[in-house]
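Only the coordinates and a few stated rules stand behind these numbers; no lab work does. Please read all numbers here as calculations on a predicted model, not as lab measurements. Positions of Cβ are backbone-derived with ideal geometry, glycine not excepted, and every protein chain shown enters the neighbour counts.
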Amino acid sequence: MEIKIPLSDPGKVRAIKERFSLDLLSATVLERRGLENPSDALWYLETDIIYQHSPLECDDVHTAIERIESAIEEEEKVLIFGDRDVDGVTGSSILYRGLKKLGLKNLSVRLPEGDEPYGMTENTVEEILASGYTLVITVDNGISAVSEIEMLEKNGVDVIVLDHHLPGEELPGAVALFDPKVLGSGYQFDGLSGCAVAAKMIWALSFSRTPLYGSECIVLHAEPRNGSIRINAVRLENLIEIDRITEEIIEGGGSMTAKEHLMDFLAVGLPVLVLDEETEKKMLRRAFGNGVDISLVDIRGKLDEMMPRYRSHSLFDLAMLSRAARYSDGDREIETLVSLFRSLSIYSYPSLSKEYDELLELVAIGTIADLMPMKNENRLIVKRGLRMLSDKPIDCLKPILGRQNLTGKRLNTRDISFYIAPVINAAGRLGHPMDAFALLTTDDPAEAEGLTENLLSMNRERQGMEENALSLIHSQAAESFERNASRFVIAGGDNIPRGLTGALASKLSKEYSVPAIVIADTGDGRVSGSMRCSDRFDAKAFLSTFQSLFDDYGGHRCAAGFSLQSENKENLLKMMESVISTLSDSETEKRELEADAKIPPEYMTTGLWRLSELLEPFGQENESLRLYIKDALITDVTPPKPGQHLLRFSLRFGTYSWPCIWWEPHDRESFKKGAHVNVLFSPDVNYWRGVAKEQLLINEMEISQSE
C-alpha cells in the first residue's frame, strides 16, 4: 500500500519543540498539520475558558442583550424557535436553560414537528402572531428567513437571530443578528455550531449582569532594560483588548515624544491596573521622574485571595510559569498580566465560569453531531464539554450515559457520534424533537430516566426504519454510482421518510466514498433532500448551483439540505447529473492513505497515546492521529465469533506487544500468527469493566514484502 506522509520543515519543527516544550514527534506532527503561528498552538494545548473568543466583540450582541433584558423586565411573551436536529435541540435547550436562570418567566419553545420543513414558514409566522409573542429568538436557523422575519417585524414582533449558517444575498431585518458567518459580524471564528452561538449569547447576557460589562481599564507593566525603562500598557473594554502601546524611555532623559505618547495613552481617566504597586511606581519614577504621579490599582490582593499558591511570586516569576505568554510574540510579563487579570475577572463570577461549563456539555454534543470543524475555538469548547461529561455530567444526561455504558469513561468524539447524538437525533428524525428537548431541560432524575428510555426506544425504531429504507434504495444508489462515473450517488423515492434522508445520505457517502444525496417525497407536492460528503467536497456550494429551483436550502461544507416543489424534481436531477459529469475525479475520489508519521520501533511506546490525546478532539478538519509502521509481527490472532466480521489480534513492534482491532478487514485469512505486516493505525483506548487499556485501531494493513 502507498502511504503519503507530508513533508516537514526542520526549522519550524525545532521552533515548535522549543517554544512549547514538546517532544520531537509531537512537534513534527503539529507542524505537518499546519501549525504556523504561536496562537495556533493554543487550541491544541489549552482548555481554559479565558482563551475563548468573546461574543461581546459583535455589535449586535449588545443590541440582543438590551432587547432580552427588556423582555425579562417587562415579562414579555417570548418564543425560542429552534430546529429538530441535535444542534438545534441542544441549542434551544441551552438558550431555554440560560434564559430561565436569568429570570425570563413567559418563555416557550417551538421546534419543527412531524414533516414540517426546516426553518420558519408562513404558517409558522401566522402561528406566532396568533399566539401573541412579542419577541422571537431563532436558534440554528433564521439567517435565510428574510420574508418571514419581515412579516413578523411589520406586525410588531421583534426577532433576534442566533444562527451559524451561511447567509444569502440579503440579510433578515432582525432587531439583532448573531451569526459568525455573516461578513463583518465581528466574531473571530466562523466555525461555531448553532448551539455554541446560543451558549455564547447566554454568556454575554451573564457578563452584562456583572460590573465587568461596559468597564474599561488599562493594564500596565514597567520593567528595566539596559539604561532604559520599557513600559507596556494594554487598554481593555469588556476584557477585550482594544489598544496597546509599548514605549522605551531612557532613564534621566530620553525622547519627549515617547513620554508624551505614553501619557496621552494613560490620560483617559481609566483605572490603571498593575501587580505590586510599589514596584511599578519605582519603575515609573525612574522613567518620568518624581514629578509625575500616576494613580495605580494593585490586583495583588485579588490574586492572593483567588490563587494563594502564587502569593510570593513576582510578575517575572509568574511570567516564567505562564502558559498564556507562549502564544504571543509580545513581552512575556505584560501578556501574563493581561491573562491573569482576565482569569481573576472571569472566575470571580460562577455564571461566566462554573455555570457556563455546564452548558458546554450540551455544546460539545451539538458541535460534534453537526460536523463542525475541530479547529480553533471548537477544540477548546469540545474538550471542556467532554471533560465535564466524563467527570460531572448534568443530571439530565446521566441516564443516557449509563444506558450506553459510558459512565466513568473518558469520553471522546466517537462516543458522542455513535452513542449519544443518534439517540437525541432519533426524536427529531421521527418528528418528535420536543421529546429530546424535554430530556435536555429536565432537572428531575426520575423524569430523565423515563425520557431517556423513550428516546432509546425511538432510536431502535429509527434504526429499523433506516435499514429498511437503505434496502429500498440500495440498487438505485449502485446504478447512480455507475451512471455518474463513480463520482456521486443520488437516490430516494416516495417511500423514504423525510426525517431519515440525512442519515441515509451519510451511510451512502461512507459506503461509496463519494458525495451522496437522498431525496424524499413528502406527499404534499414537495420533495426534500439531504446531502453528505467528506471535507474534500463542499455540499453547500454544490447545492447553490441549483438554488433557483429550491424553495429553501442551506447547510455546511459536509452536510446540507434542500426542499422544492415536486414538479421541479426531474429538472433538478437532470441538472445535477449534468454538473456531476463536469467534476474531476480528484474532487470526489477516495482520499489516498495518509499518515502523520512513520514510527521506528523505539518510538512505539505509550507516548503515542499522549500525542493522540494532545490532538483530540478529532473530527472534521482534524482527523485521528494516523501512524505507519513496517515489518511488525502478528503474535496472536483471536478467532472471530459467529457472524463477526472484525479481526482481533496482537502485534509486536519494538519492545512491546499491542492488542489490535480491525473493524473492516480484507483478506483476513492472510493475516495469521507469525506474519510480518505493514500497518497504518490510530492509537486507541479500549474500556472494559471500567479499566482502560491501550490498543491499536487498524486503518489498513498488508503483508510485508520481507515475508
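The relative contact order of the chain, computed from alpha carbon pairs under 8 Å that lie at least 6 residues apart in sequence, is 11 percent.
The structure-derived value of P(r) over Cα pairs in 20 Å bins from 0, in percent appears in the list [x] 11, 20, 10, 8, 8, 15, 22, 6, 0; [y] 15, 44, 32, 8, 0; [z] 15, 38, 25, 14, 7, 1, 0 under the label [y]. Taking the Cα centre of the chain as the origin and placing charges on Cβ (Lys, Arg +1; Asp, Glu -1), which of Leu30, Ile16, Gln705 is farthest toward the positive end of the dipole? About the Cα centre, the residue reaching furthest to the positive side is Gln705.
Can you tell me the FRET efficiency between Asn226 and Thr606 if r is taken as the Cβ-Cβ distance and R0 is 56 Å, rounded to the nearest 0.05? For R0 = 56 Å, the calculated efficiency reads 0.75. Can you give me the long-range amide H partners of Phe537? Hydrogens built in the peptide plane at 1.01 Å from N, cutoff under 5 Å, separation of 5 or more residues or another chain. So Phe537 has HN proximity to no qualifying residue.
When DSSP beta bridges are restricted to pairs lying wholly in region 211-336, around 85% turn out antiparallel.
Classify region 295-419 as rounded, prolate or oblate from the Cα gyration tensor: take a ≥ b ≥ c as the square roots of its eigenvalues, call it rounded if a/c is under 1.5, otherwise prolate when a/b beats b/c and oblate if not.
Details: a/c = 2.90, a/b = 2.09, b/c = 1.39.
In terms of gyration-tensor shape, prolate.
Extending 7 Å from the Cα toward the beta-carbon at both Tyr656 and Arg309 defines two label points whose distance is 2.8 nm.
Here each label is just a point 7 Å from Cα along the line to Cβ, and for Lys672 and Ser21 those points are 5.2 nm apart.
Using only side-chain charges placed at the Cβ, +1 for Lys and Arg and -1 for Asp and Glu, the dipole size of region 484-588 relative to its Cα centre rounds to 300 debye.
A simple spin-label model places pseudo-atoms 7 Å from Cα toward Cβ; at Lys4 and Leu183 they are separated by 3.2 nm.
Under 5 Å between amide hydrogens, built in the peptide plane, is the criterion, and for Val297 it picks out Val272, Leu273, Val274 among residues at least 5 positions away or on other chains. Cross-link reach is defined here as a Cα-Cα straight distance under 18 Å, omitting same-chain residues fewer than 8 places apart; for Lys282 the aspartates and glutamates meeting it are Glu223, Glu247, Glu248, Glu251, Asp293, Asp298, Glu333. Straightening the chain between Glu251 and Glu567 buys 105.6 nm, computed as 0.36 nm per residue apart minus the Cα-Cα spacing. Going through the cross-link list Lys409/Lys693; Lys200/Lys510; Lys101/Lys354, which pairs have a Cα-Cα distance over 22 Å in this structure? Beyond 22 Å: Lys200/Lys510. Each Lys and Arg adds +1 at its Cβ and each Asp and Glu adds -1 at its Cβ; summed about the Cα centre, the chain shows a dipole of about 2620 debye.
Using the beta-carbon distance between Arg14 and Ala130 and R0 = 51 Å, what value does 1/(1 + (r/R0)^6) give for FRET efficiency, to the nearest 0.05?
0.15
Rounded, prolate or oblate: which fits region 58-111, taking a ≥ b ≥ c as square roots of the Cα gyration tensor eigenvalues, rounded meaning a/c under 1.5, else prolate when a/b beats b/c? Taking the square roots of the gyration eigenvalues as a ≥ b ≥ c, region 58-111 is oblate.
Among beta bridges identified by DSSP and lying wholly in the chain, the antiparallel ones come to about 70 percent.
Can you give the local net charge around Tyr213? Use residues other than it whose beta-carbon is closer than 13 angstrom to its beta-carbon, Lys and Arg +1, Asp and Glu -1. Summing Lys/Arg as +1 and Asp/Glu as -1 gives -3.
Computed on region 216-346, with alpha-carbon pairs under 8 angstrom and 6+ residues apart, the relative contact order is 22 percent.
When only DSSP loop residues count, what GluC sites (Glu not before Pro) in region 1-68 have their Cβ near at most 12 other Cβ atoms within 10 Å?
Details: sites: Glu2, Glu18, Glu31, Glu36, Glu46, Glu57, Glu66; in loops: Glu2, Glu36, Glu46.
Within region 1-68, the qualifying GluC sites (Glu not before Pro) (loop, at most 12 other Cβ atoms within 10 Å) are Glu2, Glu36.
Annotation: amide H of Gln695 within the under-5 Å range of Asp684, Val685, Asn686, sequence separation 5 or more or interchain, hydrogens built in the peptide plane. 3J(HN,Hα) along region 347-352: 7, 6, 10, x, 5, 9 Hz, from the Karplus curve 6.51 cos²θ - 1.76 cosθ + 1.60 with θ = phi - 60°, whole Hz, x for Gly and Pro. Across region 661-670, coupling constants 3J(HN,Hα) worked out from phi with the 6.51/-1.76/1.60 Karplus curve, θ = phi - 60°, read 9, 10, 6, 10, x, 10, 6, 4, 5, 6 Hz, and Gly and Pro carry x.
Which residue, chosen from Ile580, Ile128, Leu360, occupies the Cα position most advanced towards the positive end of the dipole of the chain, where the dipole is computed from +1 (Lys, Arg) and -1 (Asp, Glu) charges on Cβ about the Cα centre? Result: Leu360.
Using C-alpha pairs below 8 Å separated by at least 6 residues, the relative contact order for region 325-421 is 24 percent.
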